[in-house]
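Below is one structure, written out as C-alpha cells; the observations come after it.
The values are calculated or read from the model by the stated rules, or taken from the named source; none is laboratory data. The model shown is predicted, which means the values in this text are computed figures rather than measured ones. Reconstructed Cβ throughout: ideal geometry from the backbone, glycine too, with neighbour counts over all protein chains shown. In case anyone asks, the SASA skips ligands and DNA or RNA and just uses the protein heavy atoms, side chains included. Shrake-Rupley method; radii C 1.70, N 1.55, O 1.52, S 1.80 Å.
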Amino acid sequence: MNNRSRAWIRRRLRSLVVLELFNIPLQAALWFGVTGLPVTAANAVGFALFALFLVEGAAYWLAKLSLLAAPGAPLPGLWAFAALRVINVPVLAAGVLFTLWATAGDPGSTSVPGLCFALFAVLEHVNYFHTQLMYDTAEDRRALRENGLRRAHLARDLDRGDGRRKSRLGAPTP
C-alpha cells in the first residue's frame, strides 16, 4: 500500500469515527430538541440503543485506524468486539420488545420514535457484526451492484480471529 492510499484510508477511518460519535448529540438535539420529541421511557430506550451502536461502530473504526500505525498487529479489543456480537443480541431483543410493548400500549410520539430508534439499532448491529448494509462510497456501490451484499468488515475480522488481512496463502499481511 502506498503512502497516498494509506493517507486516504487514515482520513476515511478518522471521518467514520468522528461522524459516528457526532451523530449521537446531533440526533439527540434534532429529535428531542428541534422537533420536540417527548423524552419517554420508550423513546429514551430506543435512542440509547441507537447511541450504543454508534459508539461501538466508532470504537471499531478507531481500532482499525490504530492498525495503520502497526501493520500486522492484531485488532485492538478484538475480544471485546467478539463479546459484543453475542451480548448485543439479548440487549437488542429486550429493547425492541420494550419499545414494541410501549408502542402497542400508547402509539404515537411517546413510543413510535423509540421503536424506530431501536429498529435502527438492529440494522446497525447487522451492519457491523454480520452483513454490510452501508454503501457510501462509489467503490462500495460498484461492488454492491457487481457482487451483492458482502460480509461486514468487523464480521470478517472476527471470523479471522485476529483482525488482520490474510494473503491468498493464508499469511497475515499489513
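Test of understanding: given the chain, find the longest segment containing no trypsin sites (Lys or Arg not before Pro) that are in a DSSP loop and have at most 15 other Cβ atoms within 10 Å. Don't skip to the answer; put the middle values down first.
Values: sites that count: ARG150, ARG168.
Counting at most 15 other Cβ atoms within 10 Å as exposed, the longest clean stretch of the chain is 1-149.
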query = With the chain treated as a Gaussian network of Cα nodes joined by springs under 10 Å, which of VAL96, VAL18, VAL112 yields the largest mean-square fluctuation?
reply = VAL18
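Using Cα pairs under 8 angstrom and six or more residues apart, how large is the relative contact order of the chain, in percent? Let's see the in-between values first.
Details: 185 pairs, mean separation 44.3, N = 174.
Computed value for the chain: 25 percent relative contact order.
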ask   = Per-residue ellipticity at 222 nm for the chain, helices alone: DSSP H runs ≥ 4 residues times -39500 (n - 2.57), over residue total, nearest 500 deg cm²/dmol?
value = -23500 deg cm²/dmol
note = Per the Kirkwood formula over distinct C-alpha pairs, the hydrodynamic radius of region 38-91 in angstrom is 12.8 Å
remark   = In the chain the accessible area split gives carbon plus sulfur, as whole percent at 1.4 Å, a share of 68 percent
task = Using the Cα centre as the reference, give the magnitude of the dipole from point charges on the C-beta atoms of the chain (Lys, Arg: +1; Asp, Glu: -1; all else neutral), rounded to the nearest 20 debye.
result = 1080 debye
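Per residue, how much accessible surface does region 45-162 expose to a 1.4 Å probe? Answer in Å², no decimals. Numbers along the way, then the final one.
Working: 5870 Å² over 118 residues.
About 50 Å² of surface per residue is accessible.
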Interchain or long-range residues, amide H under 5 Å from ARG151's placed H = GLN132
Label selected from [x] 22, 20, 16; [y] 25, 21, 16; [z] 34, 17, 15, the criterion being semi-axes √(5λ) of the Cα gyration tensor in Å as computed here = [z]
query = From Cα coordinates alone, what are the radius of gyration and Dmax values for region 1-100 in angstrom?
reply = 16.9, 51
task = Residues in region 60-92, backbone N under 16 Å from the label point at ARG10 (7 Å along the Cα-to-beta-carbon vector): list them, ranges by number please.
result = 62-72
inquiry  = Given a 10 angstrom Cα cut-off, can you work out which residue in ALA41, ALA94, ALA143 is the most mobile in a GNM of the chain?
reply    = ALA143
note = Using alpha carbon centers only, region 98-139 is separated from region 18-89 by a whole-angstrom value of 13 Å
key: Surface/4 of the Cα convex hull for region 65-137, nm²   = 6.7 nm²
Local electrostatic count at LEU49 - Lys and Arg +1, Asp and Glu -1, tallied over other residues with Cβ under 13 Å = -2
Alpha carbon convex hull of region 97-154, projected area averaged over orientations, nm² = 5.0 nm²
